[in-house]
Amino acid sequence: MKIYQSGSFEKKTKRMHKREKEILDQEIRNISNTPSIGDEKKGDLKGIFVHKFKIKTIEYLLAYRMAGKDSELIMIGPHENYYRALKRYVLCEEPMKGLATASP
């Protein structure tokens with residue numbers, strides 16, 4: 001299984017402290033072992049799973065999607081405005097994917 005990171009996910013994890021990254025790595029291992037651990041979203045976010053976990057006292061949400069056996073880590077952050085940002089990211093990303101794969 002390969003795990004890919006989005007640019008947004010990578011930026012957020014670079015700002016985390018070492019202990020926070022260790023907890024995040026453990027949660028990513030949990031996701032890779034049990035992909036259905038997160039809740040699947042509906043509507044515009046269909047096909048995206050969100051896994052909730054705590055680092056210290058803050059509850060973080062980790063959005064990911066599965067593509068066969070591989071997974072893509074999309075976004076991580078606290079609950080505040082999370083789904084609004086996730087929806088904006090996913091909706092803006094989808095048309096670009098279509099343009100990148102289209103042949104002339």
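The values are calculated or read from the model by the stated rules, or taken from the named source; none is laboratory data. Since the model is a prediction, treat every value here as computed from it, not as a measurement. FYI the Cβ positions are ideal-geometry reconstructions off the backbone, even for glycines, and counts take in every protein chain you see.
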task: Tell me, yes or no, whether region 45-53 has at least one residue that is of a type outside the set (A, V, I, L, M) and farther than 20 Å from GLU93 by Cβ.
output: yes
query: Condition test on MET75, is it touching a Ser or Thr at 6+ places or on another chain (Cβ under 6 Å), surrounded by 15 or more Cβ atoms within 10 Å (Cβ to Cβ) and aliphatic (A, V, I, L, M)?
result: yes
- request: Scan region 45-53 and give yes if some residue there is of a type in the set (Lys, Arg) and modelled with pLDDT of 95 or more, otherwise no.
  value: yes
- prompt: If you go through region 22-48 one residue at a time, how many are touching a helix residue (DSSP H, G or I) at 6+ places or on another chain (Cβ under 8 Å), in a strand (DSSP E or B) and free of Cβ contacts under 8 Å to residues at least 24 places away in the same chain?
  reply: 0
- prompt: Which residues, taken from region 1-44, are over 17 Å from PRO78 (Cα atoms), of a type in the set (A, V, I, L, M) and modelled with pLDDT of 90 or more?
  reply: ILE3, ILE31, ILE37
